[in-house]
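Below is one structure, written out as structure tokens; the observations come after it.
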Amino acid sequence: MLKIDNLVVAYGGIEALKGINLEVEEGKIVTLVGANGAGKSTTLRSVVGLVKPKSGSITYNNIDLLNMKTQDIVKLGITLVPEGRRIFPNLTVLENLKLGAYFRKDTNEIKKDLEWVYSLFPILKERHWQMAGTLSGGEQQMLAVGRALMSKPKLLMMDEPSLGLAPIIVNELFNIIKEIHNQGVTILLIEQNANAALHIADIGYVIETGMIKIKGEGKELLNNDEVRKAYLGEN
Ligand code: ATP
């Protein structure tokens, strides 16, 4: 579905990605884990055209994404939930959700998807009238995911969805990610919380200073000594 080949991205002469290869097969949950500054966000931002790579290729179902505009990439079915939520604080929850469907015209399907989002996140239904900026951090994260779902993605990419959330909310969020996946959405998840991410992932990649160091099945990586020491806080 998504194929990244030999991708190099440089910011002002410094290479943030030094030739990475990564593949997401349709129907899978893939996670990219790594420390701060390893290049995780840069990878996702490159896919949706927010960063212009120096070399390499990114294709989605064999369509070249590198010279496409972000809005055309979204129309193909790829949506990014950015780090830090980026909801519109002065709009209501419902208005934020409707904006997620901005490029869609299938009114009946949009209504169904709104009900689907409300069933995944009942709190958003309860608070649909509330200004999004007054939601709690966890609720804002749910709204960001809900808004992304309103664009009806085939590939949902999430940048650190668990950042800053209490452990109990993180669990809830990961269960919802599994549920979204069960409904047929392919997922590429970036996480510093390697433990939670590798538990739900079919395939995991470990990125270190712009290079993919390890690739394997999620469960395999949970048992990998190097991964355990560096990312799972074990000695
Ligand atoms: P984090 O988990 O901290 O967000 P990350 O793995 O997502 O980290 P990136 O945000 O992709 O890492 O950053 C990779 C490197 O590129 C870092 O050294 C960062 O400082 C640098 N970088 C990212 N964005 C820019 C930018 N717009 N201009 C200059 N350097 C940047």
Those GluC sites (Glu not before Pro) from segment 1-89 that are DSSP loop and have at most 12 other Cβ neighbours within 10 Å turn out to be Glu25, Glu26
Using θ = phi - 60° and the Karplus relation 6.51 cos²θ - 1.76 cosθ + 1.60, list the HN-Hα couplings for segment 103-109 in order, rounded to whole Hz, with x at every Gly or Pro.
8, 9, 10, 7, 3, 5, 5
Given the pairs Lys105/Lys125; Lys3/Lys52; Lys75/Lys178; Lys54/Lys178; Lys40/Lys178, which span a C-alpha to C-alpha distance of over 27 angstrom in this model?
Lys54/Lys178
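In deg cm²/dmol and to the nearest 500, what is the mean residue ellipticity at 222 nm of the chain if only DSSP H runs of at least 4 residues count, each as -39500 (n - 2.57), divided by the residue total?
Theoretical 222 nm ellipticity from helices: -10500 deg cm²/dmol.
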Stokes-Einstein translational diffusion, segment 78-152 - Kirkwood Rh over all Cα pairs, 0.692 mPa s, 37 °C, in µm²/s
274 µm²/s
Computed over all unlike Cα pairs, the Kirkwood hydrodynamic radius of the chain in Å stands at 18.1 Å
Percent accessible area from carbon and sulfur atoms, the chain, protein chains only, probe 1.4 Å:
50 percent
Just the accessible area per residue of the chain, please: how many Å² with a 1.4 Å probe?
49 Å²
Helix 167-182 axis, angle to the chain major axis (alpha carbon atoms, nearest 10°):
90 degrees
Per-pair calculated FRET efficiency, R0 = 45 Å: Lys111 and Ala35 via Cβ, rounded to 0.05
0.60
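The values are calculated or read from the model by the stated rules, or taken from the named source; none is laboratory data. Model, not experiment: these values are computed from the prediction. Positions of Cβ are backbone-derived with ideal geometry, glycine not excepted, and every protein chain shown enters the neighbour counts. Remember, those area values only see protein heavy atoms, side chains included, never the ligands or the DNA or RNA. Shrake-Rupley method; radii C 1.70, N 1.55, O 1.52, S 1.80 Å.
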